[in-house]
There are 2 protein chains.
Amino acid sequence: MSKTRTRTDRETRATDDHHQSVRLWLRLLTCTSLIEGEVRRRLRTTFGVTLPRYDLMSQLERHPEGLKMTELSRRMMVTGGNVTGITDQLVEEGLVLRDASPADRRAYLLKLTPKGRRTFGEMARAHEPWIVELFDGLSDAEKERLHALLAALKTHVLTVSRHDTPPA
Amino acid sequence: MSKTRTRTDRETRATDDHHQSVRLWLRLLTCTSLIEGEVRRRLRTTFGVTLPRYDLMSQLERHPEGLKMTELSRRMMVTGGNVTGITDQLVEEGLVLRDASPADRRAYLLKLTPKGRRTFGEMARAHEPWIVELFDGLSDAEKERLHALLAALKTHVLTVSRHDTPPA
């Protein structure tokens, strides 16, 4: 839809600004959820695995020193899911183990077992080319530009969010 | 972190491509979840309302003709939440009503009540400036560029996903 740009007063401009940002936010949300949905679908059809389960294993893979349940829950915020339930299942299947925490005797650390690491490795190797394929509509230069714009967005959002938090 | 670009063989390049797309995907996911988290926080502190509840009302606001439960659940995929549970609560609070469907006697349509429309209107009016503020780190030109890049991404992702779906 092409728009004819005309001189507008302050209120119309404000509304335009609103619309531009809101439209952008909806577009961002749509892209994320489309890609997430496709990855979710492929994980299910290829490996019979749910996205939260994949994400949980991927968090543990990135933290071989182990993660406390609270840390894991915080890191899983994006895809949610019942962290405790998924963990119990993975422990039962011998993919994840609970290890005593050296720092806190009442807590334990969650880690991938060697079998868990192998299983996750297979899925991750399949997962990467999916992401490449899904972003293949953009040239390398466009990807760089998108990455830079999102970097600026991220920095600003972090500043705004921090600014809001009342000093503890 | 600055990178020195060197001539690389095909395998290294392939890995670079992978990393570029995967890094981009993680950046996209991070931006979305940071903004979503901030909106979630503000809805909670300002209106004592959860994001899924806000999204459910926003779906109904966009569809004054009413939505079937199945349609509503599909549209709520992004932020999830227990659609039936939230709907029951909203009906009980007089913000949503169940209306007989003219097309299907066994189904009903969910609609906002006038009170629901008023309540949602207040939240939406507060919500828009938040989004404007969160995207304020980008100039208008950058917002346009980001929007265009995401449009290209969306188109490609839709093509890839459709292509995958076996003909019904």
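Please treat every number below as a calculation from the coordinates, not as lab data. What you are looking at is a predicted structure, and each value in this text was computed from that prediction instead of being measured. All Cβ positions, even for glycine, are placed from backbone atoms using ideal geometry, and neighbour counts span all protein chains on display.
Key figures for this structure:
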read-out	value
Residue of chain A nearest the A-to-B rotation axis [by Cβ], rounded angstrom distance	A:32, 2
Three-way shape label, segment A:40-105, alpha-carbon gyration tensor, a/c 1.5	prolate
Distances in nm from residue B:70 to the matching label points in the other copies, shortest first (labels 7 Å along Cα to Cβ)	4.5
Net lengthening on full extension, residue A:44/residue A:93 (0.36 nm per residue, minus Cα-Cα)	15.9 nm
Vicinal HN-Hα couplings computed from phi for segment A:64-75 (Karplus, 6.51 cos²θ - 1.76 cosθ + 1.60; Hz; Gly/Pro x)	x, 6, x, 10, 6, 3, 5, 5, 4, 4, 4, 6
Cα-Cα over 23 Å, subset of A:143/B:154; B:68/B:115; A:111/A:154; B:111/B:154	A:111/A:154; B:111/B:154
Trypsin sites (Lys or Arg not before Pro) restricted to segment B:39-140 and DSSP loop, no more than 15 other C-beta within 10 Å	B:105, B:106
Residues A:113, B:70 arranged by fewest to most Cβ contacts within 10 Å	B:70, A:113
Alpha-carbon centroids, segment A:123-144 and segment B:72-136: separation in whole Å	35 Å
Simple label model, 7 Å out from Cα along Cβ direction - residue B:100 to residue B:159, nm	4.9 nm
Amide hydrogen neighbours beyond the local backbone of residue B:68, cut-off 5 Å, H modeled	B:110
Charge-dipole axis of segment B:20-162 as Lys and Arg at +1 and Asp and Glu at -1 on Cβ define it, positive-most pick from B:34, B:21, B:50	B:21
Simple Cβ-charge dipole of segment A:35-136, Lys/Arg +1 and Asp/Glu -1, about Cα centre, in debye nearest 20	280 debye
